[in-house]
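The values are calculated or read from the model by the stated rules, or taken from the named source; none is laboratory data. Here the structure is a predicted model, which is why all the values come from computation and not from measurement. Neighbour counts run over all protein chains shown; Cβ positions are idealised from the backbone, glycine included.
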Amino acid sequence: MVLNLTIPQVLEITSGQLIGKFTAVPISKISIDSRQILQPDQTLFVALRGAKADGAAFIPNLMGEGIQLFLVHEDFQPTPDQEKDCAFIRVRDTRVALQQIAAYQRKNFPKPVIGITGSNGKTIIKEWLGQVLSQSFTVAKSPKSYNSQVGVPLSVFGIESYHQVAILEAGISKRGEMQALQSIIQPDLGIFTNIGSAHEEGFESLEEKIREKLMLFEDAKLLIYCKDHPWPAKEIEGKFEEIKRVAWSIQPGTDFCVSYKSFEEKTKIILLKNDLSTLTFSVPFSDKASLENITHVLVAALTLGQEISAIQEGLDHLKPIDMRLTLKPGINDSLLIDDTYNNDLAGLKVALEFLSQQRPKRSKILILSDLLQQGAPEKIYGEVADLTKSYEIDHIIGVGKEIQRLKSLVDLELEMYPSTDTFLQNLDPERFQNDLILITGARSFAFERVVNRLQQRIHGTTLEINLNALTHNFNFYKRQIDPKTKVMVMVKAFAYGGGAAEIANHLQTMGADYLAVAFSDEGVTLRKQGIRLPIMVLNPVEESFDLLREYQLEPVVFSPEFFKKLGYYAQNHQIQIPIHLDLDTGMHRLGFERHHISELKALIKLFPELKIASLYTHLVGADEDEHHEFSILQLEQFMEMKAEVESVLAYKPLIHALNSAGIIRYPTYQMDMVRLGIGLYGVEVTGKYDGSLKPVSTLKTTISQVKELPAGATIGYSRKGALPTGGKIATLAIGYADGYDRRFSQGKGFVLIQGRKAPVIGNVCMDMVMVDVSDFEEIKAGDEAIIYGEQISLKELADRIGTIPYELLTNISTRVKRVYYLD
Ligand SMILES: *Cc1c(COP(=O)(O)O)cnc(C)c1O
């Protein structure tokens, strides 16, 4: 909901200053994204400044699309033409202004607002509570995990006047952030989920983290929490009066005393209230985390006075859900975006945005179910139609009854089916060829069946890449350097194992300046997949000169001989080739040494066809203290050598030296560009900022078989594994051919099953490995095992077998499917 605002109102709310043309048009939409403009004449565009991009850069384009109202930073100076046609509201900080507008909008929503925070479970509790409450009310909620300083304001703008309750989540990562979110959300009812013990960069201590999070509930009327988590409970009880607190626990003596009785996949939940009345519910799952989350949901629904039968009705449709928006390889070179858990317009926008950022394919296809959103359908489907137009969807397949309304609203070819069953009966997967397909639908349409039909078979082992974590890490390094310093990202070796095309594409949308690959072939692959960023090739060979030219790849030149060969090639073909010069200051791998410099200068004059795009050197020990002096020596020698080369150039090439570790240790040498590698993929090799990066990849596999073995049994080749007193093993579908290092054999390695460690037993085989699960109670074929990921540090694993994280990452075989997601 954006209550119609006027310019004077915005000026008052934000203490802004108006320049340019005053218009009296009411503002009914607020956008921060230049690609999501639906009604330009009524849209206020807020130009945010990010680590890389400045929203103000889009103003000329947006004016072309008809936008006339902009909220900008106070140093923004419109051109005389812009001033003539548009209104600019200048404020000290546009992000703060966006938050102020959201807070104002929130104040005008008279119905209950539920605020959720804590370390884990926020999003799932929000989604489940939304599903349960929607049995009785029209519910607004934040899309996906929109819980940040910008996500929360956007969530508020999604609340409409017909909603009867709103659920918003708040996530913070450092001290001082909750204040702003509190002033926007102003929850009437709060839910505090729990607190993780992990050390977080932004907080001094666990107490500080809890206190900061609790600020959200400063003015709440009621706060729901679980008393079984002693630390937060203590803080809550010290801070909030008894009358505000709604506690639940598995112990007696709280407002709700809970007990669980699980039967296979089902659980009966019994709530004993303090007036000794009992309530019984049943849910279709039994794992501990889900039970804790659903108990918060139950207590919240009861606190809001929802009818018991309606609550149970809502629970009957729940499943443990995967909320993530996932990019998967599809059949016939198609790419699938799996959004089979989505039920509203806000979620659809997020998914379309993700779609628009993917590599170009033959056509964009949207498979969409009815949106289970109450409220005026004409308006909702009208917006769906506008969205499909602005995201340039080529073809729509609609499933359901309401979706039929689209027929009269869009001029595309539409295919409509009344149900998922009829759609599947008529579906010929072969019709899709090299397409980009977004599959998005409400839970009840069970679109996972559609995804199953259209995805490339994925079995056993997958490498999941978290694109949000990649963004987080990229921005972490951007914050370490000057905004003007460029970033070249190393995507050699299949982007350190992560999958070059998807990662390169994501980097392109994040605003990386350059990419680098090891060999020409890798660059060709990227170009064929639609990557447009400049690409440097570290180790080109003479045989690939034609490819370099055809695919606009920029070779590194590292010796006088190579310079000449490439120079003659350029002369013969009468072309210019941008090149990069590798200056060897101590690596002694490739590169011009000091004694080559005068010859190099002569060659530069001789072959003006070779245009020096950059000059660089590479540090040999930037990650280690013991090499500090040598690193400085290298950097100083590089400065001298590059000055010599520059003396014969009439133009300025880019100068760069730092890799990931160098960015952290030698920021004064960042020069024009840095070369980011391993850090982007979540490993901070200097160890100085261990908690600041997020792990990007999770390698997962499944259990193929579980065996009970008698005392004395041996396991695997050469009888290297033994169970002297008998026990239980699980065989996993991953082996050294997938990149699971054979050095993990015989207890050196371990995997995580159900969050617990299971050590490798015996020798790792080519396609399988056995782990000891003797003390696991319930474990069966098909269960998941994590090889590395969030809870298993790559550094620790690498240490165990005497190698480095680089090797573990890049060893993952290409036969392991890569799946990408936004969480
Ligand atoms: C691989 C590589 C990098 C990146 O190194 P990281 O340690 O992964 O950051 C930088 N420069 C060159 C020349 C490289 O080969």
Quiz item: Of the conditions (1) under 30 Å from GLU208 (Cα atoms); (2) surrounded by 23 or more Cβ atoms within 10 Å (Cβ to Cβ), ALA103 fails just one. Which one is it?
Solution: (2)
Quiz prompt | Qualifying positions in region 454-474 - away from the ligand (no atom under 16 Å from the Cβ), outside any strand (DSSP E or B) and in contact (Cβ under 8 Å) with a residue 12 or more places away in the chain | solution = LEU454, GLN456, ILE458, HIS459, GLY460, THR461, LEU467, ASN468, ALA469, THR471, HIS472
Quiz item: Out of the residues in region 563-604 that are within 16 Å of the ligand (Cβ to nearest atom) and not in a loop (DSSP other than H, G, I, E, B), which is farthest from TYR514 (Cα to Cα)?
Solution: PHE592
Quiz item: Which of the residues spanning region 517-542 are in a strand (DSSP E or B) and without any contact (Cβ under 8 Å) to a residue 40 or more places away in the chain?
Solution: VAL517, ILE535, VAL537
Exercise. Mind counting the residues in region 648-706 that are more than 10 Å from the ligand (Cβ to nearest atom) and in a strand (DSSP E or B)?
Key: 13
Practice problem: Can you tell me which residue within region 277-312, out of those that are part of a strand (DSSP E or B) and polar (S, T, N, Q), is farthest from the chain's Cα centre (by Cα)? | Solution: THR278
Quiz item: Restricting attention to region 721-746, which residues are under 29 Å from the mean Cα position of the chain (by Cα) and buried (at least 22 other Cβ atoms within 10 Å of the Cβ)?
Solution: LEU732, ILE734, ASP738, GLY739, TYR740
Quiz item: Going by the conditions given, is LEU619 within 16 Å of the ligand (Cβ to nearest atom), modelled with pLDDT of 95 or more, under 22 Å from ILE678 (Cβ atoms) and crowded, with 21+ Cβ neighbours inside 10 Å?
Solution: yes
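Going residue by residue through region 541-548, is there one that turns out to be within 16 Å of the ligand (Cβ to nearest atom) and either at pLDDT 95 or above or touching a strand residue (DSSP E or B) at 6+ places or on another chain (Cβ under 6 Å) (or both)? Show your work before the answer.
Filtering region 541-548 down to residues within 16 Å of the ligand (Cβ to nearest atom) leaves none.
There is no residue in region 541-548 that is within 16 Å of the ligand (Cβ to nearest atom) and either at pLDDT 95 or above or touching a strand residue (DSSP E or B) at 6+ places or on another chain (Cβ under 6 Å) (or both).
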Self-check item: Scope region 766-811; condition within 16 Å of the ligand (Cβ to nearest atom) and either outside any helix (DSSP H, G or I) or out of contact with any helix residue (DSSP H, G or I) (no Cβ under 8 Å at 6 or more places or on another chain) (or both); matching residues
Solution: THR803, ILE804, ASN811
Exercise. Considering each of VAL246, VAL258 in turn, give the residue that is assigned by TED's automatic domain parsing to the domain that holds LEU133, touching a residue at least 40 places away in the same chain (Cβ under 8 Å) and either part of a strand (DSSP E or B) or of a type in the set (A, V, I, L, M) (or both).
Key: VAL246
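Taking region 407-453 only, how many residues are among the charged types (D, E, K, R) and touching a residue at least 40 places away in the same chain (Cβ under 8 Å)? Even if it seems obvious, please write down each step before you answer.
Initially, region 407-453 is screened for residues among the charged types (D, E, K, R), giving 407, 411, 413, 415, 421, 428, 430-431, 435, 443, 448-449, 453.
In the following step, the residues that additionally are touching a residue at least 40 places away in the same chain (Cβ under 8 Å) were identified as 430, 435, 443, 448.
Counting residues in region 407-453 that are among the charged types (D, E, K, R) and touching a residue at least 40 places away in the same chain (Cβ under 8 Å) gives 4.
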Exercise. Kindly indicate the residue of region 627-647 that is of a type in the set (A, V, I, L, M) and within 16 Å of the ligand (Cβ to nearest atom) and also farthest from TYR514 (Cα to Cα) among those meeting that condition.
Key: MET641
Quiz item: What pairs can you find where one residue is in region 326-340 and closer than 18 Å to ILE503 by Cβ, the other is part of a strand (DSSP E or B) and of a type in the set (Phe, Trp, Tyr), and their Cβ atoms are less than 6 Å apart, with a gap of 6+ or different chains?
Solution: THR326/TYR821; LEU327/TYR820
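This table checks each residue for (1) aromatic (Phe, Trp, Tyr); (2) in contact with a Phe, Trp or Tyr (Cβ under 9 Å, 6 or more places away or on another chain); (3) crowded, with 17+ Cβ neighbours inside 10 Å.
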| residue | (1), (2), (3) |
| --- | --- |
| PHE447 | yes, yes, yes |
| ASN452 | no, no, no |
| LEU467 | no, yes, yes |
| ASN473 | no, yes, yes |
| ARG479 | no, no, no |
| ILE503 | no, yes, yes |
